[in-house]
Amino acid sequence: MISEEAAFASAREFLGGHRETYTPVLLPEKSSEHAVAWLVAFDSKEHLETGDLRFAPFTRVLVVPKDGTPVHFPPTYLPLEVYLGELAAGEWPVGPRGRYKRGSGRD
């Protein structure tokens, strides 16, 4: 199991490894713990300061699994609760290129 502090450290490290045009800011007040993962909310400093959506990241949440598998962005086509439910049920495996749905043609 991973603590909240460790989840935020992992999220910071993950975002620091991406070369984006914005400065990421973690949002603990919008983050939450779930049975299988922490959902760590973030935004860009530029968006928070200006309110201009041009500076907002497309996805503003990271999934930090409690089992130690890699931090990742959730799929954007599913509600987070559905995705977390599938993770908990073992229906969303980790593959050679990250997480993807079983039977998607990529497994």
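Values quoted throughout were computed directly from the atomic coordinates according to the rules given, and no laboratory measurement underlies them. Not measured: the values here are computed from a predicted model. Note that we place each Cβ from the backbone using ideal geometry, even for glycine, and neighbour counts take in every protein chain shown.
Filtering the range 13-22 to residues that are surrounded by 14 or more Cβ atoms within 10 Å (Cβ to Cβ) and over 11 Å from the mean Cα position of the chain (by Cα) leaves only Tyr22. Of all residues in the range 23-76, those satisfying the criterion of being of a type in the set (Phe, Trp, Tyr) and either free of Cβ contacts under 8 Å to residues at least 12 places away in the same chain or surrounded by 15 or more Cβ atoms within 10 Å (Cβ to Cβ) (or both) are Trp38, Phe42, Phe55, Phe73.
Considering the range 23-53, and only residues there that are farther than 19 Å from Pro70 by Cα and hydroxyl-bearing (Ser, Thr, Tyr), the residue that is farthest from the chain's Cα centre (by Cα) turns out to be Thr50.
Listed by position, the strands (runs of 3 or more DSSP E) contained in the range 15-76 that have at least 2 residues being among the β-branched types (Val, Ile, Thr) are 61-65.
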